[in-house]
Every structure is written in structure tokens, then in C-alpha cells.
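One structure below.
The values are calculated or read from the model by the stated rules, or taken from the named source; none is laboratory data. Keep in mind the model is a prediction, meaning the values are calculated, not measured. Every residue, glycine among them, receives a Cβ derived from its backbone with ideal geometry; neighbour counts consider all protein chains shown. Surface accessibility is based on the protein's heavy atoms, side chains included, excluding ligands, DNA and RNA. Shrake-Rupley method; radii C 1.70, N 1.55, O 1.52, S 1.80 Å.
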Amino acid sequence: MTLSRSISLLLLLAGKAASLIGEDGLCSLHIYVPFTLDGVENLAFAETPNLTNNGMSQLAAAAMAVRHFNERNATAVSELGDFIDCPIQLDIDNSLVFNTDADPFLSSRYFFEESIGADTNSSGSIPCAMVGPFHDAPAAELSSMATAAQIPLITARSFDSSTVSDLYSPFTSSVFPDIVSSPNVIVDYLLYLNRTDFIALLYPLENLGFQRREAFGLEFDERGIRWTSSPYFGQDAESTDAASRSYFAAMQRILESGYRTVVVSLRDPFTDLRPIAEAAEELGMNDGQYLYVFVDIFDPSLLFDDDPIVRKLIEGAAWVIPLSEDLLFFNSFFSSWFDQGQGTVDILNQLNPLTQGEEGFVDAQPDYYQTAIPEYGCAFMYDAVMTSGIGACTAWNLLNATKPRALSGLDHQLGVRQSNFRGASGEVTFGSPQFTFLGGTRKPGTVIWSSLNIRTPELGIFSIVHWNIPGEDSGWERVGNATEFDFIFADGTTEPPLHLRDVPDQNYISDSLRILGLTLMGISILAALCFAAWVFVRRKHRVLVASQPFFLYIICFGTIVQSSTIFAVSWDEGAGWTQQQLDQACVSLPWLMASGFVLVYSAIFTKLWRVNKVLQASRRVVKINHVVIPMAVLFGMAILVLILWTAIDPLRWVRKEKNFMTGESVGQCNATHLWTFAGPLVILMVIPPLLTAFFAFKTKDVDESFSDSWWVFAMILIQLEVVLISAPVVSILRDESTNGRYLGLTFLLWSFPVSTLTLIMTPKLLAYRKALRGVEEKKAKRGETKGVRVTGIPLSSNPVTNLSVPGNASASREDPSSDEIASPPSSILPVVAEVTEERVESQNLQSANSDPALVHAA
């Protein structure tokens, strides 16, 4: 079209838009109907789809609507009786019907050509309204024309929300639910089928696909449903490798997500469905474990009856679509259809845009309405035509006209938007209460939705098994109780696929690592028991008497408790443990860890403190109960924190999702206010090692028979290094790798008891073996000086001066297991305090000989 012709058209439309309905009340229509689909013969289907029947059926519905409106026949629309006085008539003679075909620009070209060729002195082919089409592409083109020409457009079917938006298409209204209002009903249906989570949306990578993704995404998010989306590039009539790869990649993304409910939006069922089915077959997604829900409109039995790959995909699927009441109930529209006679047939033949001999041409016979059943979409076309007439009468009433007068396109459009009547497809009224800018959308909840269950040919191709009828108690329900209304899924049963998604990777602890951890735990516990048994058996030996067996028992018991912590962290659901059992294991974790740690270190520092008090001669006799109070206080405070923690906010076993898409998760113990209680507990656990290090320093020059200072320093250093290395690693792996975290945590927990047993108990065993062989130390330290004797150590093995023993000391010597250590009298304190490796002052030796003292080691 040349620029001059376009300018001429705009000027012509500008002049006509002011009075599209003249004072004579005649309103001509442009009706757009899909009779054929050009280019479909190039598709790789078993049979070429034939849209002639559907197009002719829609045109028949339009002809019936024209006659009903002009005659104010209220058999199908009772509200027509309210417009008896309205002078508006739909002008059959000047109305035109166009075959929309598959070309999105064909409809707009028809409009241009007919409008430019119109007589400028009459309304001619300048319509008062446009009705149809039945596809989104021509609807989008015509909505732009309607806005430019200020002519109302009433679409019979269009998903595109932009065509009913006041922002983009203020002159377009639709009697079909648009893409924004439909997700609410479709998600309700998914919930009705117990598909409560993990939904995948397959959509075309185009404007309409983006709108559908946005609308479904809002609905899923509002319902708290986890979902994913996967786009594909649609293909034209001829398949390409790139398009095939796009379908495959889109399906593969859904496979990787693990989601097993797939909502499929098709750009064009003629071109999209087969490659999707091929991709599903190749990826193993066509095995009955997936539920496919299609949300676009067409009759699958018409297109794919003989295609085995496609049939395998859609059998057991659901096609959720809005249906007109005439297809579900024998309503007034349906009965009126069969009552039509020659007059309506004449209108139908007059409006037929195809000529005899042209592809798709049908010459309607007098009994056409009695022999042809209304195809899908007829009711919506009937309501679209009826809306154009009722909208004009509504506008005439709004203007309080008492006599015929001209109506502009704007007047007509306002009347259309305020129309409210019960048509063939249900209640027809416009406007979205949720999205006020969608003034041209059909009001939600005014149309019946149904689920078509695609079945095997033996079961009848498909069956309407569920529906959602508008009303106060609207919701999805079975159409009937008979078995014919059972939903037959892909596996041939009436139960939907069991799993909503593939079982995600739960990152369970591997059995081999669990065995390793429990083995390490067993080794440390066995070692502690063996050391404790050895101490008990050899408790009267001078080496163990000097080491204070009471505290050695506590150390062994503490390491057993520490080792048991490995058991608490070795289990998860993969080992068959229940949530309750795992919760109990989590609660025990801080108890075992903290109590064992405090016991071990408290016993060591108390043992060293007792030795230090003896050598400082702060008391004549130092019993265990004289030094055990700090240990008891620390242990009691730790127990108090643990009790409060357990009572107020105990650790619970929780699963933390790592990947929202795949559902991969890790299990761990956690609490709402973890550090509120863990913080004070850690502080209490730090105090005993600090005290231990302090008293180890204070007693560093004491003989190793009484003090383990250097071994204690080594133990503290090793355990500190393990914590500094292992703790960050475990923290990093906490949410990433269960096996890595478990291995690091096991090593950390095992290192404490093993290092303690190795560095505290093993030296006692080595000293005991040396004593049995008669090997003595050459160096003299505090506690092994001449003039001072340790009870329980035979004189033959302790080369000290043979001293006389006071009566009170003899009892202690005879009972080497005494729980007290007696400090020497003041006269020998200088000897005990000042002995060096080189010499002992003679005057102190003399004092020691004149007044000997006995140090009792419990």
C-alpha cells in the first residue's frame, strides 16, 4: 500500500469515525472467520487439518446472532427483550466476512482494502464494529486498526492481554478469557489434581509466551508453589535443525529440574506438538511418570489421531479450556440452533466469503442447522456478534436518545464495555477487578472451564471429566460419578503420577564414611576403656599413684563422652532414622560435646592445681575435695546452659534446600537462636583449657611423675591447631557437602579424645614400663629432691636418704591410694622449692635430715 493510499485511508476514517452508526440505525460488521489455514500442507502430519467445518460453523453462529438481534428474538439471549425500542439494526447487506487464514497481516490488509474502496458518501464498508477473529495474530493486528479508526473490535478468542488493555487497545473487547485471568482457574485445577508443587511451564519464546509466563508466575508465587519455566523457539511450517534443538533443550531443562507436572503453552499446535513429543520420547519423559496439562485450544483428535508419537504424549494428558454452555448443556442457544430455517441459511450463504470452486467453500443447504452440530467456538462468535448489537443499543440508551441519532465509534465502544447479558457461552460482561487497566477482558468467573482428558481411541479419544461452573461455590469437580468420567492418566490408571518431581539428591552420609566414623569412635572408646582398666589394675604402682588415678578415671570417662559425639552426627534419613530420632540425636550433640570436653580439661587442670598447692605448701594436707570445687562449678554451669538450651530452643534436625530448582538439600542440626545458647557454652568450654595451660606453666619444673606440663602443652597446641584448621572447613562444607562436612566433623571430634589419650595416658604407660625395667631419670626436679620422699615409692627405686617416718606419715605410706597429699613442714620448704638440677644447699639438707617430711601422693 502506497503512502498516499494510507493517508487517504486515515483521512477517510477520521471523517467516518464521528458517526459510524447513522441516524438510520444501520450498523454494518466486518466478521473475521478462519476457513482455511494456508501453508498447512507442508507440515509433517499424517492428515492435513481442515478448518472449513469450524469456520463455516462459526459463520453460521454469526448469522444466527444477526437474525436474533435484528428480530429481538430472546430465545437465546433473554436481555434482547430490553431493547425493543432500540432502533439499531445489524446491516446484513453491507456487512463483510473475511477468511483470516494463517497470515497475521491478512485481516488488516482486508480492512485497509475494503475501507479505501468504500464510497465516501456512505458508511459502505466502513463497519460500525469488527467481530472475531479466532486467533491471536490477526486479533493483535485488528486491535491496532480498531484503535486508529476508533471502531469497536469484539474478539471471539484471543489470549493476548495487550488486545484488551486500555493502555494499548482501548477499542478492543474479548468474550473469551484472556491470558491474565486464565491462570487462576488452571492453577486451581492443578491443585484439584493434587499437583501442589513443582510445576514446570513450557512456553514459546514470543510475546504471548512471555505474557503467559508472567501471568502463571504471579499465580504460582501467590500460591506458594515452586515452579520453573523453559522457553522454546517455535518453528514455521518447515522444520529446521535449530528449532528441533530448541524444543529438545527446553524439554531437557525441565528434565534437569526434576519437575513432573508440565504446563504446556503452544504457539501453534500444528507445528509445536510433534517436536515436543519427539523430545519427550528421546529424553524418557514420555513414560507415564509426567503429567502434561495443555492450556491452548484445539481438538487433538482432529490433528493427531494417526500420529503415534504425539498420541503417546497426549494420552493421559489434560486439556484445560473454557467451554461454552451449549457444549455441556442443551441450553437455549443449542435448541435455537436446530430451530433455524431458510431465512438464517440465506444470511449464511450471503455472508460466505468463499465462492463456489474455491477451497473451503460450503454451500449451506436448507437443513444445514439441523444436520451440522455447532463446532467449538460457535458460542463465542455468537456472543461477539451479539455484543456488537447490544453494545450499540446500550450506547443509545446511555445517550437518553428518544429518536434515531448517529453514534460515534467512541459511543459504541462505551456501550460495548457496559454490556451485560447472558449469552451462549455464559454471562458476558467486561472488566477485571484485579487489573483495572484490562477494561476489555471478559470478567473472570463468567465462563465454564473444563478438563478434556485425552484417551486412547478405544476409550473414545477424549472425554470432558472435570468442570468448573461459575457460581458462589464454584470449583473443580467431576462431571459425573460414572466411570466414563474417570480421569485416565498416562499409565492407564485413575491415579495421577505419584511423584511431583524426581527424588532430589538429599546428600545423605555415605555408608562407607559412616562406617569409618563409627570405627574411629569405637577405637577411641576402646582405648579409653583399656586405659581406665589398666589404671584400676595398676593403681597402687608408684607411677600411677603419683599421677592421681581419680583424675585419670575422669579423663578416660570424658574422652568416652567426647567420642560418643561422633555417634550423634553419624545419622540421617538415609540410614532409616525418623525425624524424632534425628531430633533426639541433635539434642544430645551439645550435651556430649560440651560435657566431655569440660570433664577432660577440668580433670587435668584440677590435677595440676593440686600438685601446685602441695608444692606451694598452702595447706598441710591437700585432699581432692579441696581442689574439686572449680571443676564442679564449671561442669555445673555447662549443664545449666545445656538444660536451658534443651528446654527453650533445642537443636532440631532440618533439611536446607541447596537448589531451588532441583530440590537438592542437606540435613543438619539447627536452632532458631543457636548462638544465644552456643555462645555462653563455648565461653564455658574455653575456661578449662585456659586454666589447664596456666597450671601447666606453674608446674612446668615439677617432676613428670606428678605433673604432665609439657605433654599438656602439646595436647592443647595440637587440639588448637585441629580446631583452627577443621572448624572453617566444616563451616564451609556445612551447606555444600554432607560427606565432606561429616568427614571433617568426625576428624575434629575424634582428634580431641585421641590426642588426650595419646598425650596424657600414653606417657603414664611408658613411665610404668620404664619403672618395670628399672630405668630412672638422671635429672632432679621439684618433687624428686634428696631429703624428700614420696609415699608409695619404694626406697630401693628412689635413692633418697633413709629417713625415720612419723606416725602420722606411716599410715599414708602403708595406704598409697590415699586421696590426700601432705605438704612438708616449713623446715624443708626451702628444699622443695629451691632444688635445682645441679645442687642442693647443705644447710637445707641438714634441716631435712634433722626434721624429715613425707609427701603423700594419692
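Some values worked out for this structure:
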read-out	value
Selection count, the stretch 485-518, where residues are in contact with a helix residue (DSSP H, G or I) (Cβ under 9 Å, 6 or more places away or on another chain) and either crowded, with 18+ Cβ neighbours inside 10 Å or not hydroxyl-bearing (S, T, Y) (or both)	13
Residue within the stretch 346-353 that is under 16 Å from V175 (Cβ atoms), assigned to a helix (DSSP H, G or I) and of a type in the set (S, T, N, Q) present	no
The stretch 564-598: number of residues that are of a type in the set (D, E, K, R) and surrounded by fewer than 21 Cβ atoms within 10 Å (Cβ to Cβ)	2
Residue within the stretch 661-674 that is more than 20 Å from A546 (Cβ to Cβ), part of a helix (DSSP H, G or I) and open to solvent by 40 Å² or more (accessible area, probe 1.4 Å) present	yes
Hits in the stretch 577-594 (condition: of a type in the set (V, I, T) and part of a helix (DSSP H, G or I))	V587
Subset of the stretch 437-453 that is open to solvent by 20 Å² or more (accessible area, probe 1.4 Å) and over 31 Å from the mean Cα position of the chain (by Cα) - its residue that is modelled with the highest pLDDT	K443
Residue match in the stretch 599-608 (condition: more than 17 Å from D649 (Cα to Cα), open to solvent by 10 Å² or more (accessible area, probe 1.4 Å) and free of Cβ contacts under 8 Å to residues at least 60 places away in the same chain)	yes
Matching residues in the stretch 345-370 - criterion: being among the polar types (S, T, N, Q) and either in contact with a Gly (Cβ under 7 Å, 6 or more places away or on another chain) or open to solvent by 80 Å² or more (accessible area, probe 1.4 Å) (or both)	Q350, T355, Q356, Q365, Q370
Restricting the stretch 279-307 to residues that are under 18 Å from I488 (Cβ atoms) and not in a loop (DSSP other than H, G, I, E, B), the residue that is modelled with the lowest pLDDT	S301
Pair list, Cβ under 7 Å, 6 or more apart: the stretch 71-99 residue of a type in the set (S, T, Y), other residue open to solvent by 20 Å² or more (accessible area, probe 1.4 Å)	T75/S332; S78/R422
Where M685 falls short, out of the listed (1) more than 30 Å from G574 (Cα to Cα); (2) in contact with a Ser or Thr (Cβ under 9 Å, 6 or more places away or on another chain); (3) open to solvent by less than 70 Å² (accessible area, probe 1.4 Å); (4) not small (G, A, S)	(2)
Residue in the stretch 414-432 that is nearest to T75 (Cα to Cα), counting only those that are touching a residue at least 24 places away in the same chain (Cβ under 8 Å) and of a type in the set (A, V, I, L, M, F, W, C)	A424
Conditions (1) more than 52 Å from the chain's Cα centre (by Cα); (2) under 20 Å from Q89 (Cβ atoms); number of the one not met by S336	(1)
Residues within the stretch 388-428 that are closer than 18 Å to G81 by Cβ, in a helix (DSSP H, G or I) and open to solvent by 10 Å² or more (accessible area, probe 1.4 Å), tallied	3
Flag for E657 being open to solvent by 60 Å² or more (accessible area, probe 1.4 Å), over 30 Å from S547 (Cα atoms) and either within 31 Å of the chain's Cα centre (by Cα) or not hydrophobic (A, V, I, L, M, F, W, C) (or both)	yes
Unmet requirement for E41, which otherwise passes all of (1) modelled with pLDDT of 50 or more; (2) open to solvent by 10 Å² or more (accessible area, probe 1.4 Å); (3) not in a loop (DSSP other than H, G, I, E, B)	(1)
Failed item in (1) among the polar types (S, T, N, Q); (2) touching a strand residue (DSSP E or B) at 6+ places or on another chain (Cβ under 7 Å); (3) under 24 Å from V465 (Cβ atoms), with S182 passing the rest	(2)
Residue count, the stretch 630-655 (criterion: touching a Ser or Thr at 6+ places or on another chain (Cβ under 9 Å) and under 19 Å from P689 (Cα atoms))	7
Close pairs from the stretch 738-766: first within 24 Å of A594 (Cβ to Cβ) and in contact (Cβ under 8 Å) with a residue 12 or more places away in the chain, partner aromatic (F, W, Y) and crowded, with 21+ Cβ neighbours inside 10 Å, Cβ under 7 Å, at least 6 apart	F752/F597; L757/F531; M761/F531
Any hit, the stretch 376-395, residues being touching a strand residue (DSSP E or B) at 6+ places or on another chain (Cβ under 6 Å), of a type outside the set (D, E) and at positive phi	no
Helices (runs of 4 or more DSSP H) enclosed by the stretch 494-571 - at least 2 residues per element that are free of Cβ contacts under 8 Å to residues at least 12 places away in the same chain	511-537
Strands (runs of 3 or more DSSP E) within the stretch 122-229 that include 3 or more residues under 20 Å from G426 (Cβ atoms) and touching a Cys at 6+ places or on another chain (Cβ under 9 Å)	none
Options A200, A129, A146: the member that is small (G, A, S), over 30 Å from M285 (Cα atoms), touching a Phe, Trp or Tyr at 6+ places or on another chain (Cβ under 6 Å) and modelled with pLDDT of 90 or more	A146
Any hit, the stretch 688-695, residues being farther than 24 Å from V627 by Cβ and exposed (fewer than 15 other Cβ atoms within 10 Å of the Cβ)	no
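Residue-by-condition table, conditions (1) open to solvent by less than 20 Å² (accessible area, probe 1.4 Å); (2) modelled with pLDDT under 50; (3) farther than 30 Å from L690 by Cβ; (4) of a type outside the set (K, R):
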site	(1), (2), (3), (4)
I732	no, no, no, yes
L745	no, no, no, yes
L748	no, no, no, yes
T758	no, no, no, yes
K764	yes, no, no, no
L772	no, no, yes, yes
T801	no, yes, yes, yes
N808	no, yes, yes, yes
